[in-house]
Amino acid sequence: MSIGEVYKNIKEKIPEDVTLVCVSKTRTIDEIKEVYASGARDFGENKVQELMEKYDNLKDDIRWHFIGHLQTNKVKYLVGKVYLIHSLDSIHLLKEIEKRYAAKGKIASLLIQINVGKEVAKTGIAVEELSSLIKACEGCNNIKVKGLMATIPIGNEESSRKYFTKMKSIFDNLKTFDYKNVSMEFLSLGMSKDYKVALETGANMIRLGEHIFGSRDYKE
Ligand SMILES: *Cc1c(COP(=O)(O)O)cnc(C)c1O
């Protein structure tokens, strides 16, 4: 099967209201074009430089998702170019996004990334820090939080289900509040190995790389 066919195949099997983000990091422009030709419009990148290069070489109607850790000094390059930043993980970063987007008169759409597995080497905020981050978001003018994102510890189906369920309950709980600038539309969970479990537990946005494009080669 070609990567375009694989994309169509997955798309047919998942519910229509689920956004499938094709994670195109390390992939060529031609590979992206092939999946695009099959109807894909949402693409995810985790490096600012790589996203910029691809942005300049691809069609305007692609919705770019920034899914990697975002350093404050790189925020300025993303203004007006990305559909959704999945990785808001500190007040420090929030302030930089607010500043850079305000300077250009734009609104940033963001997901709060939660380190739900409390992993030391992972980015994302601790659940305990969520309320102070939300409070800071309420004080902004140029951002909208649209939901939550997480990457979970490597494990088995049972542990994945546990973390995804925890995320879904945080998501549902936040939904009951009427915060300024914060709404819960997107729950971005699930990668190639665990997206089925993510969908079963209520994710409505999944991020698939290898499942669509085949295994990644980082050697170059
Ligand atoms: C690379 C990446 C993915 C996709 O991973 P696959 O295992 O290739 O599906 C999803 N989310 C994030 C944050 C990533 O960095």
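What number of residues within the range 201-219 are surrounded by 15 or more Cβ atoms within 10 Å (Cβ to Cβ), more than 16 Å from the chain's Cα centre (by Cα) and farther than 19 Å from Gly68 by Cβ?
Filtering the range 201-219 for residues surrounded by 15 or more Cβ atoms within 10 Å (Cβ to Cβ) gives 201-209, 211-213.
Retained after the next criterion (residues that are more than 16 Å from the chain's Cα centre (by Cα)): 201, 211-213.
Those left that are additionally farther than 19 Å from Gly68 by Cβ: 201.
Matching residues across the range 201-219 total 1.
With the requirement that a residue be out of contact with any Asp or Glu (no Cβ under 6 Å at 6 or more places or on another chain) and under 26 Å from His92 (Cα atoms), what does the range 144-162 give you?
At the first step, the residues of the range 144-162 found to be out of contact with any Asp or Glu (no Cβ under 6 Å at 6 or more places or on another chain) are 144-145, 148-152, 154-159, 161-162.
Answer for the range 144-162, where residues must be out of contact with any Asp or Glu (no Cβ under 6 Å at 6 or more places or on another chain) and under 26 Å from His92 (Cα atoms): Lys144, Val145, Leu148, Met149, Ala150, Thr151, Ile152.
One residue is enough: does the range 78-85 have a residue meeting the conditions in contact with a strand residue (DSSP E or B) (Cβ under 6 Å, 6 or more places away or on another chain), in contact (Cβ under 8 Å) with a residue 40 or more places away in the chain and within 18 Å of Lys144 (Cα to Cα)?
yes
For Leu130, all conditions in the list (1) among the hydrophobic types (A, V, I, L, M, F, W, C); (2) over 18 Å from Met149 (Cα atoms); (3) surrounded by 13 or more Cβ atoms within 10 Å (Cβ to Cβ) hold save one; what is the number of the exception?
Failed condition: (2).
Would you say Ser87 is within 13 Å of the ligand (Cβ to nearest atom), buried (at least 18 other Cβ atoms within 10 Å of the Cβ) and over 20 Å from Leu110 (Cβ atoms)? Walk me through how you get there before you give the answer.
On the way: within 13 Å of the ligand (Cβ to nearest atom): yes; buried (at least 18 other Cβ atoms within 10 Å of the Cβ): yes; over 20 Å from Leu110 (Cβ atoms): no.
No.
Here's a check for you: in the range 162-200, which residue that is farther than 25 Å from Asp42 by Cα and charged (D, E, K, R) is surrounded by the fewest Cβ atoms within 10 Å (Cβ to Cβ)?
Here the residue is Asp178.
Residues of the range 19-71 being surrounded by fewer than 22 Cβ atoms within 10 Å (Cβ to Cβ), part of a loop (DSSP other than H, G, I, E, B) and within 16 Å of the ligand (Cβ to nearest atom), which ones?
Answer for the range 19-71, where residues must be surrounded by fewer than 22 Cβ atoms within 10 Å (Cβ to Cβ), part of a loop (DSSP other than H, G, I, E, B) and within 16 Å of the ligand (Cβ to nearest atom): Lys25, Thr26, Thr28, Asn46, Lys47, Gly68, His69, Gln71.
Residue by residue through the range 1-18, note down the ones that are in a helix (DSSP H, G or I) and either free of Cβ contacts under 8 Å to residues at least 60 places away in the same chain or away from the ligand (no atom under 15 Å from the Cβ) (or both). Explain how you work it out, then say what you get.
Kept after step one, since they are in a helix (DSSP H, G or I), are these residues of the range 1-18: 3-13.
Within the range 1-18, Gly4, Glu5, Lys8, Asn9, Lys11, Glu12, Lys13 qualify.
Residues in the range 99-113 that are in contact with a helix residue (DSSP H, G or I) (Cβ under 9 Å, 6 or more places away or on another chain) and in a helix (DSSP H, G or I): how many?
Residues that pass the stated criteria total 4.
Could you go through the range 193-200 and let me know if any residue there is within 26 Å of Asn142 (Cα to Cα), within 17 Å of the chain's Cα centre (by Cα) and among the small types (Gly, Ala, Ser).
Filtering the range 193-200 for residues within 26 Å of Asn142 (Cα to Cα) gives none.
No, the range 193-200 contains no residue that is within 26 Å of Asn142 (Cα to Cα), within 17 Å of the chain's Cα centre (by Cα) and among the small types (Gly, Ala, Ser).
Quick check, is Val116 assigned to a helix (DSSP H, G or I), buried (at least 22 other Cβ atoms within 10 Å of the Cβ), within 16 Å of the ligand (Cβ to nearest atom) and not acidic (Asp, Glu)? Full working, then the answer.
Values: assigned to a helix (DSSP H, G or I): no; buried (at least 22 other Cβ atoms within 10 Å of the Cβ): yes; within 16 Å of the ligand (Cβ to nearest atom): yes; not acidic (Asp, Glu): yes.
Criteria not met by Val116.
Please go through the range 196-220 and give me each residue that is out of contact with any Lys or Arg (no Cβ under 8 Å at 6 or more places or on another chain) and either in a strand (DSSP E or B) or among the hydrophobic types (A, V, I, L, M, F, W, C) (or both), ordered by number.
Once the filter is applied, which keeps residues that are out of contact with any Lys or Arg (no Cβ under 8 Å at 6 or more places or on another chain) and either in a strand (DSSP E or B) or among the hydrophobic types (A, V, I, L, M, F, W, C) (or both), the range 196-220 yields Ala198, Leu199, Met205, Ile206, Arg207, Leu208, Ile212.
Specify which of the listed residues (Lys162, Lys193, Lys144) is free of Cβ contacts under 8 Å to residues at least 60 places away in the same chain, charged (D, E, K, R), in a loop (DSSP other than H, G, I, E, B) and at negative phi.
Numbers: Lys162 fails: in a loop (DSSP other than H, G, I, E, B); Lys144 fails: in a loop (DSSP other than H, G, I, E, B).
None of the others qualify; the one that does is Lys193.
Every number here is computed from the coordinates shown, using simple stated rules; none is lab data. Model, not experiment: these values are computed from the prediction. All Cβ positions, glycine included, derive from the backbone under ideal geometry; neighbour counts span all protein chains shown.
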